[in-house]
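What follows draws every value from the coordinates through simple rules; no lab data is involved. Fair warning: this is a prediction, and the values are worked out from it, not measured in the lab. When we count neighbours, we look across all protein chains shown, and the Cβ atoms used for this are built from the backbone with ideal geometry, even at glycine.
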Amino acid sequence: MTPSPAKSPTQSPAQRPAQTPAPAMKLTFLITWIDEMGGTERAVLTQARHLAAAGHEVEVLGVFRTREESFFAAGDGVRVRYLVDRTGPWPRPVRAHTLGEDECRALAARRSTIVDPRWEPAFDGLSDAELALALRSLDADAVITTSPALMSAVADLAPAGVLTVHQEHRASQVRGDTGGPLLARAPEMDAVVVPTDWTRGWLAESLGACAPRLEVIPNALPEGFRPRSSRAGRTVVVAGRLVADKRIDHAVIAFAKARVEHPGWRLRIFGDGPLTGRVRRLVGELGLHNHVELLGATRHMADEWAKASLAVLPSTAEGFGLVLAEALAAGVPAVAYDVPSGPVEIIRHGVDGLLVPPGDTEALAAAMGRLMGDEHLLHTLGENAARGAGRFAAREVDARWEALLRELYDQRLDPRRQARRADRAARRQAVAGGGFQPQATASPLSPSRGEQREREDELMRTALPLRRLVRSAGQLAEIRDDLRAGDAYEANLDLAADALESAAIPYVLLRTTTGHPHRRLAVDAALRQQVYEALAAAYAGQAVYAELLNPATDAPGAVLAERTPELGETAGLRLYRPCVTAGRTLRYGPLFGCDIEFWDRDETGTPTTPTRPHALGTTLPALRPDTATRAGGRERTTLECFTAPLVTDLDFPVDAVYTWVDDTDPAWRTRLDARRAGLGLDAAGSAVAGDAPVRFRNRDELRYSLRSLAMYAPWIRRVFLVTDDQRPEWLAAEHPGLELVAHRDVFAEPDALPVFNSHAIESQLHRIEGLSEHFLYVNDDVFLGRTLTPGAFFHSNGATRFFWSPTAVPAGAATEHDEPVFAAAKNNRELLRSRFGVAATHCFLHTPHALRRSVLERMHEEFPEALGRTARSPLRGWRDVAPLSSLAHHYGYLTGSAVPGSLRYGYVDMGRREQQAQLSRLLATRGKDAFCLGEGPEADVPAEEQAAVMRAFLEAYFPVPGPYER
């Protein structure tokens, strides 16, 4: 143990030097609306009352007045002021003004220029005028904002001498559009206060050197008398807004399941919202009319907690969860989803409540039933809850706020303060741009706490130099800038299999139905404790984690592998070594882990899956392996039944074909200009002619598209890059899996060259020598977003998959005035109508296109005139067809060689500023299978800015260099 520092001798009051009382501060809380019933509103008013009671001059500035009487009372000492009154027949300023009704209505009808409607749609031209006036004339020492939208307004409008503090009330990582300005403007704040360690860690990783002061201060419980519950009423209480992320429906479903074994209980729901009707219908469908009460919102929740026996919080996203703290303070134990934010910061699993995996209604019902059926446990957890609620007492929380504000106040006149803020903002802009803000990935697991956190700190201090450990997403992670997704999967398989083999524990490597690289090992459940011991022995002192799969008694989450012997019963463990890139934008966590599953036997003695099916079903003939198979470059033990070829196996090679052009190449420009001159066209290019500059613009996308292929589709056999005798300077042309192909090597009619028409080039790609029968055609503005298998694009019988677009092909025949994409689609439609008698209605998503050479060859036999005309068209023209991105899919579908598929897909128009915010979400969630970064005909972002933003995003998404780079 570290010895405590020596204490100074105690002084009597008479001996202590006189201290000047700290001056009172003038504090303004800025909130969109303060009148409504919500967690943010309640927390702000509670905090304001406490600071006012401490002697500070406190006002709450609500942008909109929405009720004649506020739902929550402000309390003594707190001044509430409004800017815009929306309680009357038309909105109007609250201050004395000379504006007429028509003027107010006209302003209110205008779009806000201070607050982007995507962040908060409530703002308008009238609120802009009032907010600008209020902030520019703000007479306060500090302003505390309560949403990212208001933080942005304060950053623009508050006087330089006013301290700016932003207080987050939601889980920042999952804010979506409302969090748009958070990372962009946070560097301009003096401090950002968040309610949980999880959010603080994510902000610190995302902002890096751009971060302002970051503090964790939870919401405080209101002071005053709080009645205690006797927990004798057999009542489950849920309190919260009836909105999607609160998942009140999950509480109803779980209660219905738990009530089967505990029929004497009832469920009471407090709150209202847009989903009230849906919840009411669910209650009816489950036959719970006499057992579930929907009681609406109440101002007297403290009294209701005193009548409760058990609290449930089924939210899938929580900033803090003050309702949980209030329940615990009343002596009511709680059951909650272990979403990595508020609940784990409040509930101590097994001490004052229970945590269950997010979204798992079966686990939620089991936890509720456990407390419903065990009166001793219910009362024990309830007593612990009441005693532990002091963590959120006002005196504790207020002291932390007082210390922060006082320290900032003492530094407010430091001339370096503004310079530091400017440097942080500039630094942020250097790594971001437009609407894109790079950010760290959010972990699905709660951060380490308590003893595990202390042990991690010790491991960081003693880590080997070769293993650079940092704290990322609340756990230790090794910095790796060379690891691809497939490598991470295999490395974690090695971790699990090596530990089992070293302890002589038999395992079976399961085969999955999808061929996904996520690995699963089956072990006899009787050997569970031996597995725990083996992992602890193999990875003592290492940053290796085990996520608990369906734990019976332990809290969900992950523990250091060295601590697994302390665990109770689980369905299995997911073993992984976290890794993160130096820029923190790519992290390999539990999703890349290897599962060790503990298989029990059913009544017939047959081993049965504890989690989910494998390729052959839900049972195994044995749990002792009888053969070996190659996995990740090594032999691993399995069962003979898993080595036989399956009807679903894809056993054919798949190649990839890119077409690419570099518009900055002078020789290529000369050829294009000469070709245009020969056609009697000027040198500028036009959208109608199909050769607008945007069609040829090179922003280095190819480098990152190839990185995405290497990262998420390592099963590609060979990449063919088709160009007009061009080659990127960074390309490793000698790579054995890469082949450069010149236009002259594929065109059947050399006289058609030089050609600058992508449709013409596509029409000849099936002629590439050595190209496999099955291949993907990929444009350089298309990227894979996460790990995919060949089955995403092909069936095992060789059929290809295509992906319909919601975009319809306009009616009528093609004309020279059509956009090239629609002209080609219309021409395709006419070909198909003449051959098959049916009309095509829709386009296809701009994804990698799965194709077959033999199908393309048959197309040329059936449509020689149309495809020949397209091949001879040097520039995109209105008489072209689109051979690969459209015609081939329709033709394959109508001849039985192609079928519709589904793909999670995203498209961002880089030329439209409002769409660039999608880039941040793409990076944060990594939830798209594929995405395209394109540019439409109408751009409001200059080309140079587009290139800078695109480069910043792609480098953040694909930071690991690919094998095709020098």
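Ordering of 348-360, 304-316 by packing is 304-316, 348-360, highest average first (other Cβ atoms within 10 Å, averaged per residue).
Using only side-chain charges placed at the Cβ, +1 for Lys and Arg and -1 for Asp and Glu, the dipole size of the chain relative to its Cα centre rounds to 1280 debye.
Length gained on full extension, E769 to R370: 137.0 nm, using 0.36 nm per residue less the C-alpha separation. Ranking of D751, D700 by neighbouring Cβ atoms within 10 Å, starting from the fewest: D751, D700. Cross-link partners for K26 among the lysines, with Cα-Cα distance under 29 Å and sequence neighbours closer than 8 places in the same chain left out, do not exist in this structure. Length gained on full extension, D457 to E407: 15.2 nm, using 0.36 nm per residue less the C-alpha separation. Please work out the C-alpha center-to-center distance from segment 228-303 to segment 604-680 and express it in whole Å. About 47 Å separates the Cα centre of segment 228-303 from the one of segment 604-680. For segment 95-139, a crude dipole built from +1 on the beta carbon of Lys and Arg and -1 on the beta carbon of Asp and Glu, taken about the Cα centre, is about 100 debye to the nearest 20.
For the pair segment 932-966 / segment 55-91, the C-alpha centres are spaced 45 Å from each other.
Over all other residues within a Cβ to Cβ distance under 13 Å of D338, the charged ones net out to -3, with Lys and Arg as +1 and Asp and Glu as -1.
With the simple spin-label model, which puts each label point 7 Å out from Cα in the Cβ direction, the D481 to E285 separation comes to 5.2 nm. With the simple model of a label 7 Å out from the Cα in the direction of the Cβ, D725 to L133 spans 7.0 nm. In a simple Cβ point-charge model (Lys, Arg +1; Asp, Glu -1; nothing else charged), segment 654-899 has a dipole of about 620 debye relative to its Cα centre.
Over all pairs of different C-alpha atoms, segment 235-392 has a mean inverse distance whose reciprocal, the Kirkwood radius, equals 15.1 Å. Each 10 Å bin from zero up to the one holding the largest Cα-Cα distance in segment 26-216 carries the following percent of pairs: 9, 36, 38, 15, 2.
In this label model, L646 and T298 are separated by 5.3 nm, measuring between points 7 Å along each Cα→Cβ vector. Taking packing as the residue-averaged number of other Cβ atoms within 10 angstrom, the listed peptides 483-492, 649-658 run from highest to lowest as 483-492, 649-658. Mean sequence separation of contacting Cα pairs (under 8 Å, at least six apart), scaled by the length of segment 654-899, corresponds to a relative contact order of 26 percent. Fully extending the segment from S230 to T807 would add 201.7 nm, taking 0.36 nm per residue of separation and subtracting the current Cα-Cα distance. Identify, among A497, A96, A644, the residue whose Cα sits farthest towards the positive end of the charge dipole of the chain, taking +1 on the Cβ of Lys and Arg and -1 on the Cβ of Asp and Glu, with the dipole about the Cα centre. Among A497, A96, A644, the one farthest towards the positive end of the dipole of the chain is A96. From its DSSP helices (H runs of at least four residues, each -39,500 (n - 2.57)), the chain gives a residue-normalised ellipticity at 222 nm of -9500 deg cm²/dmol. From the alpha carbon centroid of segment 817-882 to that of segment 712-735 is 26 Å. Label zone of R612 (point 7 Å out along Cα→Cβ, amide N under 20 Å): in segment 320-339 this covers 338-339.
Pairs over the 28 Å Cα-Cα cut-off, from the set K246/K307; K246/K928; K826/K928: K826/K928. Averaging the sequence gap over all C-alpha pairs within less than 8 Å and six or more residues apart, then dividing by the number of residues, gives the chain a relative contact order of 8 percent. For semi-axes √(5λ) of the Cα gyration tensor in Å, several values are listed as (i) 63, 39, 25; (ii) 52, 39, 28; (iii) 50, 35, 29; flag the one computed from this structure. Here semi-axes √(5λ) of the Cα gyration tensor in Å agrees with entry (ii). Check the straight Cα-Cα distances from K257 and name the aspartates and glutamates below 13 Å, setting aside those fewer than 8 residues away within the same chain. Within the straight-line limit of under 13 Å, K257 reaches these aspartates and glutamates: D249, D360, E362. Between A615, W878, L738, the Cα set farthest toward the positive side of the dipole of the chain (charges on each charged residue's Cβ, about the Cα centre) is that of A615. Among residues other than W265 with Cβ under 9 Å from its Cβ, the summed charge is +3 (Lys and Arg +1, Asp and Glu -1).
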